[in-house]
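> Sharing a structure with you now.
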Amino acid sequence: MTPVLSDRELRALGRTEGDARALGLLVHDQDTRRFVLLRALFDAADQAPDAICPPVLRHRLRTDWALLEAAERADRAAARAVLLHPLAGPWGRRCLSGLGGDVATPRLLTDLAHFGALAAAAAIRARMPFTTRLTTRGATLSLPTLGALRTGPGQVDLTFAEGVMTVRRRGEADVVVRSGNGAALPDPRWRPVHVLPPLVPGAAPVPLDDLDPYRTAGGGPGHHGLSGAVSLDDRARAGWAGSWAGVADRLRAGGGHRLTEAAVLLRCLVPLAPPPGSGRAGGSTSHCSGTRREAFGAVLSSSPGTPAYFASTLVHELQHTKLAALTALVPLHHEGPEARHFAPWRPDPRPFDGLLQGAVSHAALAGYWQRCALAADRTGERDLAWTEHARCHEQVGAVLPVLAGSGGLTREGRMIVDELIDLYHRLAESPAPTGHRARARAYVGTARVIWQQRNGSGQL
């Protein structure tokens, strides 16, 4: 059972912070939920009627489960790196949803067959010798966290021994991949997952996953109003790597806790296409990002133009990650799901939960940009940071009355909101220059007028 967060830890989360222990509790709870999801999926498939899970597939799943258990015995941490990969969450939830139907659909059969790829990837990471038969997805064999192989549709035989993976398919030349550096011996059909260096010594590397087929499944980018997921060429990957190289320093400039939360919570990045009508490169108008509750640890983002904006994306999105994990552990409110509230960062009405989520993430951004402004040496960097800080701070202030006035907050939710209010006032003790504040007020005022014209009076 996950230990309960203390009041001190809850208050720190309300201030958009959280030490390593508090973050670790959230991670532990989410990991436990992932294991429960996987076990529930396997049990549901094993007990499903033949019309939903045919006997041949049920036998295949049992074989894959046995391989997975053997991988865990060989190297538990390595195997669990695959099981806890964020994008296994959307896959698992989609499988469970399909198993609740009346008949086996082609999509469900494809989804369940992917379990073999998960088990194989876990065994490869555990460096355990094995041979198995896998079913491709269309013309691609995807091995989560490792890479993807372009091949024909149907089945392939995969063997792993002494650090070498060999994939055989009738009528094609074998594909041989040596593990360790992810490099193919030279075969352009294999494409490894690109990995970014750890943010801090001792942390895990961060996959830049543009290959996993479930990065767009279920509540994927389109469902959240984001641009679609993309595959990156070498030039695009180099651009991500260049911005990433400066992210740790920018996070540290925004507060040591920002670097801590990113090192603890971030498990993969999913690249997105630029949003339609993008503005200046690297700025907020040319960028979109998001998270998915079922993909804990993943941040979906279009290409960040600068390390400062890359870091701000992580600050923003990891607040959603933290708050979603906290909400799964303890309810923060009992407000309804009706989308009726004004939020100056969105053109559409928001439910109360979305308003709370957005207020926390924008308060974190206000703090991040304020620290960057106070530490900046160059006028241009300082002005940009003050502009971003002033806008985010004004946006938070516009929604605090609704949050504070809610009668549906739980005890824990009230603590979160009270700390958020306190943070808002503490940030005001080092205000942006007058011109920046005036422009921020005008920005939020204009957003309010446009929102009213589109949506009526609503809940302002």
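> What distance in nm lies between label points placed 7 Å from Cα along the C-beta direction at Asp249 and Arg133?
5.5 nm
> If I fit a long axis through the Cα atoms of helix 256-265 and take the longest principal axis of the Cα atoms of the chain, what angle between them do I get, 0 to 90°, rounded to 10?
Tilt of helix 256-265: around 30 degrees.
> Okay, next question. Using only the alpha-carbon atoms, how far is helix 234-244 inclined from the longest principal axis of the chain? Give it as 0 to 90 degrees, nearest 10.
50 degrees
> Would you mind checking which residues have amide H under 5 Å from Gly254's amide H? H placed 1.01 Å from N; only 5 or more apart, or other chain.
Here nothing satisfies the definition.
> Which value, in debye to the nearest 20, describes the size of the charge dipole of the range 111-212 about its Cα centre when Lys and Arg Cβ atoms bear +1, Asp and Glu Cβ atoms bear -1, and nothing else is charged?
Working: 11 positive and 9 negative charges, 41 e Å.
Using Cβ point charges on Lys, Arg, Asp and Glu, the range 111-212 gives about 200 debye.
> Leaving out ligands, DNA and RNA, what percent of the accessible area of the chain is carbon and sulfur, probe 1.4 Å?
C and S atoms contribute 54 percent here.
> From the phi of every residue in the range 387-399, what ³J(HN,Hα) in whole Hz does the Karplus formula 6.51 cos²θ - 1.76 cosθ + 1.60 yield, where θ is phi - 60° and glycine or proline is x?
4, 5, 4, 4, 5, 5, 5, 5, 5, 5, x, 6, 10
> Could I ask something else about it? For the chain, build the charge dipole from Cβ charges (+1 Lys, Arg; -1 Asp, Glu) around the Cα centre, then report which of Leu265, Gly14, Gly254 sits farthest towards its positive end.
Gly254
> Using the heavy atoms of the protein chains alone and a 1.4 angstrom probe, what is the accessible area of the chain per residue in square angstrom? The partial results should precede the final answer.
Numbers: 19680 Å² over 460 residues.
For the chain, the per-residue accessible area is 43 Å².
> Tell me the angle of helix 307-329 to the major Cα principal axis of the chain, expressed in degrees between 0 and 90 and rounded to the nearest ten.
Approximately 80 degrees, to the nearest 10.
> Let me ask something else. Suppose every K and R has +1 on its Cβ and every D and E has -1 on its Cβ; what is the size of the dipole of the chain about the Cα centre, in Debye to the nearest 20?
Details: 53 positive and 43 negative charges, 101 e Å.
Approximately 480 debye in magnitude.
> Collect residues whose amide H, placed 1.01 Å from N in the peptide plane, falls under 5 Å from the amide H of His194; neighbours closer than 5 in sequence don't count.
For His194, whose amide H was placed from the backbone, the distant partners under 5 Å are Leu208, Asp210.
> Next up: Need one number: % antiparallel among DSSP beta bridges in the chain, to the nearest 5.
Values: 32 of 39 bridges.
Around 80 percent of the beta bridges assigned by DSSP in the chain are antiparallel ones.
> Taking the highest mean first, how do the peptides 46-52, 15-21 order by number of other beta carbon atoms within 10 angstrom per residue?
Working: 46-52: 13.7, 15-21: 19.4.
Ranking the peptides 46-52, 15-21 by packing returns 15-21, 46-52.
> What ratio of Cα Rg to 2.2 N^0.38 Å holds for the range 408-451? Write down the numbers at each step before the final one.
On the way: Rg = 14.5 Å, N = 44, 2.2 N^0.38 = 9.3 Å.
After normalising by residue count via 2.2 N^0.38 Å, the value is 1.56.
> Please work out how much length the chain gains when fully extended from Val36 to Ala51, using 0.36 nm per residue of separation minus the C-alpha to C-alpha distance, in nm with one decimal.
Numbers: separation 15, 0.36 × 15 = 5.40 nm, distance 2.47 nm.
Difference between extended and current length: 2.9 nm.
> Listed highest first by mean packing, meaning other Cβ atoms within 10 Å per residue, what order do 80-92, 161-173 come in?
Numbers: 80-92: 23.7, 161-173: 13.2.
My ranking of the peptides, most packed first, is 80-92, 161-173.
> Which far-off residues, 5 or more places away or on another chain, put their amide H under 5 Å from the one on His333, with H placed in the peptide plane?
HN-HN under 5 Å from His333: Thr410.
> Quick check: from the Cα gyration tensor, does the range 255-359 come out rounded (a/c under 1.5), prolate or oblate?
Details: a/c = 2.04, a/b = 1.23, b/c = 1.66.
Taking the square roots of the gyration eigenvalues as a ≥ b ≥ c, the range 255-359 is oblate.
> Show me the three semi-axes of the equivalent ellipsoid for the range 323-440, from the C-alpha gyration tensor (sqrt of 5 times each eigenvalue), largest first, rounded to whole Å.
Working: eigenvalues 161, 43, 27 Å².
After diagonalising the Cα gyration tensor, the semi-axes are 28, 15, 12 Å.
> Determine the gain in length on full extension of the stretch Ala328-Arg73; use 0.36 nm per residue of separation and subtract their C-alpha separation, reporting nm with one decimal.
Extra length from Ala328 to Arg73 when fully extended: 88.8 nm.
> For the residue pair Arg293 and Leu109, what label-to-label distance in nm results when each label sits 7 Å from Cα along the Cα-to-beta-carbon direction?
3.3 nm
> Report the local net charge at Ala51: Lys and Arg +1, Asp and Glu -1, summed over other residues whose C-beta lies under 13 Å from its C-beta. Walk me through the numbers on the way to the answer.
Details: positive: Arg58; negative: Asp50, Asp102.
Counting the neighbours of Ala51, the net charge comes to -1.
> Take Ser97, Ser289 and sort them by solvent-accessible surface of the protein heavy atoms, 1.4 Å probe, largest at the top.
Numbers: Ser97 85, Ser289 30 Å².
Correct descending sequence by accessible area is Ser97, Ser289.
> Throw me the Rg/Rh for the range 1-76, computed over C-alpha atoms with Kirkwood Rh, two decimals.
Values: Rg = 18.7 Å, Rh = 15.3 Å.
Here the Rg-to-Rh quotient is 1.22.
> Now for a separate question. If packing is taken as the mean number of other Cβ atoms within 10 Å per residue, what is the order of 107-115, 242-250, highest first?
Working: 107-115: 20.0, 242-250: 17.7.
By packing density, highest mean first, the sequence is 107-115, 242-250.
> By how many nm would the segment from Ala204 to Val230 grow when fully extended, if each residue of separation counts as 0.36 nm and the alpha-carbon distance is taken off?
Working: separation 26, 0.36 × 26 = 9.36 nm, distance 2.37 nm.
Here the segment from Ala204 to Val230 would lengthen by 7.0 nm.
> Hey, another quick one. Treating each Cα of the chain as an identical point scatterer and ignoring solvent, apply the Debye formula and state log10 I(q)/I(0) at q = 0.07, 0.09, 0.12 Å⁻¹.
So the normalised log intensities work out to -0.39, -0.63, -1.07.
> Sort Val264, Val56, Val449, Val417 by heavy-atom solvent-accessible area, probe 1.4 angstrom, most to least. Kindly include the intermediate steps, with their values, before the conclusion.
On the way: Val264 50, Val56 115, Val449 75, Val417 0 Å².
Putting Val264, Val56, Val449, Val417 in descending order of accessible area: Val56, Val449, Val264, Val417.
> Now for a separate question. Mind checking which of Gln370, Ile416, Leu356 is farthest towards the positive end of the range 340-460's charge dipole, using Cβ charges of +1 (Lys, Arg) and -1 (Asp, Glu) about the Cα centre?
About the Cα centre, the residue reaching furthest to the positive side is Leu356.
The values are calculated or read from the model by the stated rules, or taken from the named source; none is laboratory data. On a predicted model such as this, the values are computed, not experimentally measured, just so you know. Ideal geometry is used to build each Cβ from the backbone, glycine not excepted, and the neighbour counts take in all protein chains shown. Protein only, heavy atoms only, side chains kept; ligands, DNA and RNA dropped before computing areas. Shrake-Rupley method; radii C 1.70, N 1.55, O 1.52, S 1.80 Å.
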